[in-house]
Amino acid sequence: MTHLSTIHEQLENDHRELDVLVDETMAAIEAGDAVETFAKLDFFWARLGIHIRAEHLRLFPVVREVAKKTPELENIPEILGVLREDHDYFMTELARAIKAMRLVFTFGNEAETFANVRGLLQGVVERLKVHNDIEESQIYTLTGPDFLEPAAAEALLSSVRAELDRYPNRFRDTAT
Ligand SMILES: [Fe+2]
Ligand SMILES: [Fe+2]
């Protein structure tokens, strides 16, 4: 993982890396390559899960505390609630797509499955774009020096990085 100097940059960079993984997954679908599609989808799902975990465990609790101290930020808990629903949607839809791809290896029926998986992934891509825009413009911005003391920002940055580094063991070789 590339180390960047702020929480905002670190997480925004992770969004860009996730975008690349989605593009690679779509390319595998367009190429009609079931093995590659499964591998790319599985990796994207795992990486997105890690990103979401970093947000839930490390970022959102800090942002919630920041919002409590600032009257103008009273809508933040509601936004965090929407983002959490998005996260659930992403993981559920991707799990469905992975399950569908897995069945191809047993039962065939590739054309229908590819159409189904493409539809599921397209739904995730569209909602992820809106989701990431909200995070980058309204949530990650609350980790800057106007809101967090330097020590708190440093602690959050290192805990976010530690979460982002938690690749599942099965991806260790490809996750450098
Ligand atoms: Fe998120
Ligand atoms: Fe995010």
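The numbers here are math on the coordinates, done by the rules we state, and not lab data. These numbers were taken from a predicted model, which means no experiment stands behind them. Cβ atoms come from the backbone with ideal geometry, glycine included; neighbour counts cover every protein chain shown.
Name the pairs: first residue in segment 17-37 and outside any loop (DSSP other than H, G, I, E, B), second residue among the acidic types (Asp, Glu), Cβ to Cβ under 7 Å, at least 6 apart or on different chains?
Once the first residue is outside any loop (DSSP other than H, G, I, E, B) and sits in segment 17-37, its partners that are among the acidic types (Asp, Glu) give ALA28/GLU36; ALA34/GLU110.
Could you please let me know if LEU59 is more than 16 Å from ligand 1 (Cβ to nearest atom), crowded, with 17+ Cβ neighbours inside 10 Å and assigned to a helix (DSSP H, G or I)?
no
Could you list, in sequence order, all residues of segment 30-42 that are over 15 Å from GLY108 (Cα atoms) and out of contact with any Asp or Glu (no Cβ under 7 Å at 6 or more places or on another chain)?
Within segment 30-42, GLU30, ALA31, GLU36, ALA39, LEU41, ASP42 meet the criteria.
Residue by residue, here is whether (1) away from ligand 2 (no atom under 14 Å from the Cβ); (2) touching a His at 6+ places or on another chain (Cβ under 6 Å); (3) part of a loop (DSSP other than H, G, I, E, B) holds:
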site	(1), (2), (3)
LEU103	yes, no, no
THR113	yes, no, no
GLY119	yes, no, no
GLY123	yes, no, no
GLU126	yes, no, no
ASP133	no, no, no
TYR140	no, yes, no
SER159	yes, no, no
TYR167	yes, no, yes
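Which condition number does MET101 fail, the rest of (1) closer than 23 Å to GLN10 by Cβ; (2) buried (at least 19 other Cβ atoms within 10 Å of the Cβ) being met?
Tallying (1) closer than 23 Å to GLN10 by Cβ; (2) buried (at least 19 other Cβ atoms within 10 Å of the Cβ), MET101 fails exactly one: (1).
Restricting to segment 1-28, name every residue that is over 17 Å from the mean Cα position of the chain (by Cα) and either closer than 20 Å to PHE171 by Cβ or within 14 Å of ligand 1 (Cβ to nearest atom) (or both).
Within segment 1-28, HIS3, ALA27, ALA28 qualify.
Can you tell which of GLU163, GLU154, GLU135, GLU149 is more than 19 Å from LEU57 (Cα to Cα) and either in contact with a strand residue (DSSP E or B) (Cβ under 6 Å, 6 or more places away or on another chain) or of a type in the set (Asp, Glu) (or both)?
GLU149
What pairs come out if I take residues in segment 81-93 that are of a type in the set (Ser, Thr, Tyr) and pair them with residues that are part of a helix (DSSP H, G or I) whose C-beta lies under 8 Å away, six or more apart or interchain?
TYR89/VAL124; TYR89/ARG127
Yes/no matrix, rows are residues, columns are (1) more than 17 Å from GLY49 (Cβ to Cβ); (2) loosely packed, with under 14 Cβ neighbours inside 10 Å:
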residue: PHE107; (1), (2): yes, yes
residue: THR113; (1), (2): yes, no
residue: LEU128; (1), (2): no, no
residue: PRO168; (1), (2): no, yes
